[in-house]
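This report concerns only the one structure given below.
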Amino acid sequence: MRPGVVAPPETDIRHTPGDTPPHSTFGSLRIRNYRLFFTGQVVSNIGTWMQRIAQDWLVLSLTGSAAAVGITTALQFLPMLLFGLYGGVLVDRLPKRPLLLFTQSAMGATGLVLGVLTLTGHVQVWHVYATAFTLGLVTVVDNPARQTFVSEMVGPDQLANAVSLNSANFQSARLVGPAVAGVLIGAVGSGYAFVFNGLSFLAPIAALLLMRTADLRAVQRTPRGKGQLREGLRYVAGRPELLWPIVLVGFIGTFGFNFAIWLTAFTHTVFDSGAQTYGLLNTLMAAGSLAGALLAARRATSRLRMLVAAALIFGLLEIVAAITPSFWLFAVLLIPIGMAGLTVNVTANSSIQMATDPAMRGRVMALYMMVFTGGTPLGAPLVGWITDTYGPRIGFATGGAISALAAVVIGLILTRIAGVRLRELHVPSAWRESVAV
């Protein structure tokens, strides 16, 4: 479809809203294109988690500094902070499937490059920094493209379910990836984990190529024009049901999700252990996140009340985990922390998408991803410095305290100042019309 041509409403004669029960945990998997997408993401997500663990451990091994791990994380998310909104503008203009074929190929290439450098013994910490920054540049477009492509595959009636299953997919891989990475690092080093991640992107590329393009829902693509970035910002600023959830996940993403720093520091400094323990801690957190994602998949609606409550619980649990003296109690607490953190992510993601008009979704989701992940370049070095200077317990507790305080303050703003009901979100008229067709 040419830019500027208005597409018909988001309907599909093969999959009308009544074809897949909205309350079914795995309802959206009945749609072939989404099933292919989901399967491809399983493989690449395992590789992504393997690389994350290997990358953090490699940097810690090369430098011995938690702050260096924070710098790596910051560099990976810095492009999202700098260019995230421009990525959303591109996503609203361009067809999603060809765009994803390019981004997934580029992300696979970064893993292979880092793997070759590591296996040949030439890797230096600046290589890891450069690779992380390059991966972040690709993610600027890949993240909002993947987020918004889901609606083209499943439609509005299954969107919340598909978003939850995407998170379950990611967290399922997190159960496998860290454990495999821990074994690989301990046995043969980090290089093979990077190579596996690079090759794992063949799966989503194949899935995209095998999709039936006729089954994808046609959406309106925004023609090239001036002021589209400002238009997206004004759209969000005028809707408190979008603005304040984005602000909340910004605080939590910046200060509460620095687990790469905290878990490496707790493993290395507090518990005096190695890569296998680090993999175990990530696996336990992933188990809680997976449970949270599956519970979210059964919910028919996304409520702001659930978002605020989960954010508050998430912050309080981090504080409790930070001060617990026992390794096993610390490890067990990572399960509900993962569950609460995932609930925040899924609830915010699905509620924001469902409350956004389709023509604006790329820019809104780019802003959401920019705030959620782009805040890391600001928070990670600060949290890393606090962790190095005052110890892992103080660093972890600080992140939890900021997250809990943000939940309380923004919850009050939503109920008393913005006048938004926490019980439910109002779906835009464009969505209601497309569902009714």
**Message:** For the stretch 13-40, give me each residue that is part of a loop (DSSP other than H, G, I, E, B) and either at pLDDT below 50 or of a type in the set (V, I, T) (or both).
**Reply:** I13, R14, H15, T16, P17, G18, D19, T20, P21, P22, T25, I31
**Request:** For the stretch 370-378, state whether one or more residues are more than 24 Å from V408 (Cα to Cα), among the hydrophobic types (A, V, I, L, M, F, W, C) and surrounded by fewer than 24 Cβ atoms within 10 Å (Cβ to Cβ).
**Result:** no
**Asked** Of these, L280, L307, L290, which one is over 15 Å from the mean Cα position of the chain (by Cα), of a type outside the set (S, T, Y) and under 30 Å from G189 (Cβ atoms)?
**Response** L280
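Tally time: how many residues in the stretch 48-69 are in a helix (DSSP H, G or I) and touching an Asp or Glu at 6+ places or on another chain (Cβ under 9 Å)?
3
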**Request:** State which residue is farthest from E241 (Cα to Cα) when the search covers only the stretch 298-355 and only residues that are part of a helix (DSSP H, G or I) and of a type in the set (K, R).
**Result:** R298
**Asked** On the given criteria, is A106 more than 18 Å from R212 (Cβ to Cβ), assigned to a helix (DSSP H, G or I), modelled with pLDDT under 90 and touching a helix residue (DSSP H, G or I) at 6+ places or on another chain (Cβ under 7 Å)?
**Response** no
**Request:** Could you check T389 against (1) surrounded by 19 or more Cβ atoms within 10 Å (Cβ to Cβ); (2) part of a helix (DSSP H, G or I); (3) hydroxyl-bearing (S, T, Y) and say which number it fails?
**Result:** (1)
**Prompt:** Exactly one of (1) in contact (Cβ under 8 Å) with a residue 40 or more places away in the chain; (2) touching a helix residue (DSSP H, G or I) at 6+ places or on another chain (Cβ under 8 Å); (3) under 30 Å from G27 (Cβ atoms) is unmet by R305. Its number?
**Reply:** (2)
**Item:** Residues being surrounded by fewer than 23 Cβ atoms within 10 Å (Cβ to Cβ) and not in a helix (DSSP H, G or I) - total across the stretch 123-180
**Value:** 2
**Request:** Kindly establish whether G292 is at pLDDT below 95, buried (at least 22 other Cβ atoms within 10 Å of the Cβ) and closer than 15 Å to L281 by Cα.
**Result:** no
**Request:** Determine if the stretch 82-91 includes at least one residue that is farther than 30 Å from A218 by Cβ, in a helix (DSSP H, G or I) and of a type outside the set (K, R).
**Result:** yes
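The values are calculated or read from the model by the stated rules, or taken from the named source; none is laboratory data. The shown structure was predicted, so the numbers you read here are calculated from the model rather than taken from an experiment. Virtual Cβ from ideal backbone geometry, glycine too; neighbours counted across all protein chains shown.
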